[in-house]
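Student: First, the structure itself, so that you have it in front of you.
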Amino acid sequence: MKRKWLCFVLAMLTLTIYPVSAFAADGPTAPDLQIGLDTAFTYLAFILVFFMQAGFAMLEAGSVRMKNAGHVAGKTVLTLAIASICFWALGFGLGFGNGNSFFGTSGFGYGGDSMASSFESLAFSDVTLNVKFLFQMAFAAVSLAIVSGGMAERAKLSVYIIFGILFSIFIYPVVAHWVWGGGWLATMGMQDYAGSTVVHLTGATAAVVATILLKPRLGKFNKEGKPVIIPGHNQVFTVLGVIILWFGWFGFNPGSALSPMGGFFGYVALTTNIAAAAGGLAALVASWLYFGKSDIPAMLNGVLAALVAITGACAFVEPWAAFVIGVVAGAFTFMTSQWLERAGLDDPIYAFSVHGIAGMWGAVSTGLFATPELVETVGIGKAGLFYGGGVHQLGVQVLGVIGTFAFVAILSFVFLYIMKLVSGIRVTEEEELMGLDISEHGTYGYPEQMKLISESETSKR
């Protein structure tokens with residue numbers, strides 16, 4: 001029954017997306033149906049990835065204090081707007097347009113399927129170029145959403161807008177071109193099926209640079225320099241956010257097959273889900289051993305870290321390896337988040353641990369676990385170290401991680417440091433204390449509750 005419903009939904013999407021002229025009086029040809037079905041499948045995947053922004057909104061808003069919740073949630077819509085416009089104007093061309101080994105030089109101001117000749121790197125699939133554009137734009141928006149986490153609760157909104165534009169034009173598309181657009185890492189055979197490096201490491205690296213330059217939130221560290229817990233205002237929101245993101249990841253990873261034919265997307269979904277479950281359990285156990293109590297936020301971050309790690313490897317590894325990748329990602333993310341916090345890094349949603357360190361592990365993991373059969377199926381790179389492939393693929397993966405981290409970190413630092421010198425990147429101490437909802441937008445996300453809190457504090461004075 002479920003299979004019949006899936007076929008029905010795909011058929012309806014095909015009718016709404018694919019040109020009616022293709023179904024002339026003589027009836028659709030087999031190639032027409034194939035293109036229509038693949039396009040509908042990819043469009044459905046785009047919807048799921050696009051909807052992940054709802055997960056980011058709930059996760060990030062729930063992870064901050066009530067006085068900043070509306071601001072943080074609202075930035076998610078801003079992320080979509082910035083990514084959409086910048087990717088249309090320049091990002092798509094820089095990332096996937098014909099060009100050199102470092103960036104594309106054609107396809108700017110994307111104008112539709114008629115520009116297909118400018119995007120030879122995407123010619124491997126018959127999915128219509130409009131839907132390919134939407135799918136890749138959604139990935140760019142996810143990467144930018146990760147940056148938001150590192151800036152939470154103390155960055156000026158104007159800084160996020162300006163940096164978001166620069167990131168969406170000069171940072172993310174360049175890395176995407178290196179790996180997916182025919183660039184130098186693609187030529188070397190780097191394996192990154194759905195973006196452990198391109199999407200997650202890129203966003204997380206920019207986030208950690210912003211976190212360092214912004215410095216910790218007021219009250220995060222005591223006089224001895226030890227971290228003080230600043231709990232998020234709504235753990236239920238964070239749980240729902242992670243569930244939505246987990247759900248959306250079934251568009252993120254399986255959708256990257258760009259076709260339902262042959263059922264390979266189902267295999268990708270299988271490895272994705274195994275890793276996510278393993279990561280959540282591993283992080284929960286790690287927190288239990290560390291705190292003496294099981295920590296729900298740690299479990300949630302474990303799920304996300306495992307999803308990040310398996311994103312690049314999901315099409316190259318066997319289920320048992322996906323389990324190992326998830327366990328390592330979940331446990332290691334918890335440990336590194338604690339270590340980084342003790343070292344003085346104030347990362348409100350642990351963006352660098354969850355998306356950066358786990359993204360690095362995900363990239364390296366294919367150099368260890370990629371099987372010859374799956375490598376042949378996907379057609380990228382070589383088998384991993386544990387399957388007789390030697391250290392070649394592992395070396396390519398490590399080089400890709402180092403190159404991406406260095407490029408994004410340097411460019412992010414330059415952009416943000418110039419902004420810091422020119423106009424400042426952090427709100428004033430008074431604005432931070434009152435909350436960014438009221439200081440940046442003039443109203444609270446929770447007006448009734450914040451009014452009661454304000455009245456209570458006034459009465460105590």
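The values are calculated or read from the model by the stated rules, or taken from the named source; none is laboratory data. These figures come from a predicted structure and were not determined experimentally. Here the Cβ is made from the backbone with ideal geometry for all residues, glycine too, and neighbour counts use every protein chain on show. Heavy atoms of the whole protein, side chains included, go into the accessibility calculation; ligands, DNA and RNA do not. Shrake-Rupley method; radii C 1.70, N 1.55, O 1.52, S 1.80 Å.
Student: Within segment 353-373, can you find the residues that are open to solvent by less than 20 Å² (accessible area, probe 1.4 Å) and either over 21 Å from the mean Cα position of the chain (by Cα) or free of Cβ contacts under 8 Å to residues at least 40 places away in the same chain (or both)?
Tutor: 367, 369, 370, 371
Student: So, one more: Can you say whether residue 73 is among the hydrophobic types (A, V, I, L, M, F, W, C) and buried (at least 24 other Cβ atoms within 10 Å of the Cβ), as far as the supplied structure shows? Please lay out each step first, then the result.
Tutor: Details: among the hydrophobic types (A, V, I, L, M, F, W, C): yes; buried (at least 24 other Cβ atoms within 10 Å of the Cβ): no.
No.
Student: Go through segment 182-209 and report how many residues are of a type outside the set (Val, Ile, Thr), in contact with a Ser or Thr (Cβ under 7 Å, 6 or more places away or on another chain) and open to solvent by less than 10 Å² (accessible area, probe 1.4 Å).
Tutor: 9
Student: Here is a list of conditions, (1) in a helix (DSSP H, G or I); (2) in contact with a Leu (Cβ under 7 Å, 6 or more places away or on another chain); (3) more than 30 Å from residue 69 (Cα to Cα), and residue 316 meets all of them except one; can you say which number that is?
Tutor: Only one criterion is unmet by residue 316, namely (1).
Student: With the structure loaded, tell me whether residue 412 is among the small types (Gly, Ala, Ser), surrounded by 19 or more Cβ atoms within 10 Å (Cβ to Cβ) and at pLDDT 95 or above or whether it fails that test.
Tutor: Yes.
Student: If we scan segment 125-133, do we find a residue that is at pLDDT 95 or above, of a type in the set (Lys, Arg), open to solvent by 10 Å² or more (accessible area, probe 1.4 Å) and in contact with a helix residue (DSSP H, G or I) (Cβ under 9 Å, 6 or more places away or on another chain)?
Tutor: Yes, that holds for at least one residue.
Student: Do we find a residue being open to solvent by 40 Å² or more (accessible area, probe 1.4 Å), in contact with a Leu (Cβ under 7 Å, 6 or more places away or on another chain) and within 21 Å of residue 209 (Cβ to Cβ) anywhere in segment 376-392?
Tutor: No, because not a single residue in segment 376-392 is open to solvent by 40 Å² or more (accessible area, probe 1.4 Å), in contact with a Leu (Cβ under 7 Å, 6 or more places away or on another chain) and within 21 Å of residue 209 (Cβ to Cβ).
Student: Another question about this same structure. Which helices (runs of 4 or more DSSP H) sit wholly inside segment 65-184 and have at least 3 residues that are in contact with a Lys or Arg (Cβ under 9 Å, 6 or more places away or on another chain) and not small (Gly, Ala, Ser)?
Tutor: 157-166
Student: Let me ask something additional. Looking at (1) modelled with pLDDT of 95 or more; (2) more than 24 Å from the chain's Cα centre (by Cα), find the lone condition where residue 389 falls short.
Tutor: Going through (1) modelled with pLDDT of 95 or more; (2) more than 24 Å from the chain's Cα centre (by Cα) one by one, residue 389 breaks only (1).
Student: Oh, and also: Just give me the residues in segment 246-265 being under 18 Å from residue 35 (Cβ atoms) and in contact with a Cys (Cβ under 7 Å, 6 or more places away or on another chain), in sequence order.
Tutor: none
Student: For segment 25-66, how many residues meet the condition of being open to solvent by 20 Å² or more (accessible area, probe 1.4 Å) and charged (D, E, K, R)?
Tutor: 3
Student: Examine segment 340-352 for a residue that is assigned to a helix (DSSP H, G or I) and surrounded by 23 or more Cβ atoms within 10 Å (Cβ to Cβ), and state whether such a residue exists.
Tutor: Checked against the condition, which is being assigned to a helix (DSSP H, G or I) and surrounded by 23 or more Cβ atoms within 10 Å (Cβ to Cβ), segment 340-352 yields at least one hit.
Student: Test residue 254 against the criterion of being over 30 Å from residue 343 (Cβ atoms) and under 20 Å from the mean Cα position of the chain (by Cα), and give yes or no. Reasoning before the result, please.
Tutor: Values: over 30 Å from residue 343 (Cβ atoms): yes; under 20 Å from the mean Cα position of the chain (by Cα): yes.
Considered against the rule, which asks whether it is over 30 Å from residue 343 (Cβ atoms) and under 20 Å from the mean Cα position of the chain (by Cα), residue 254 comes out as yes.
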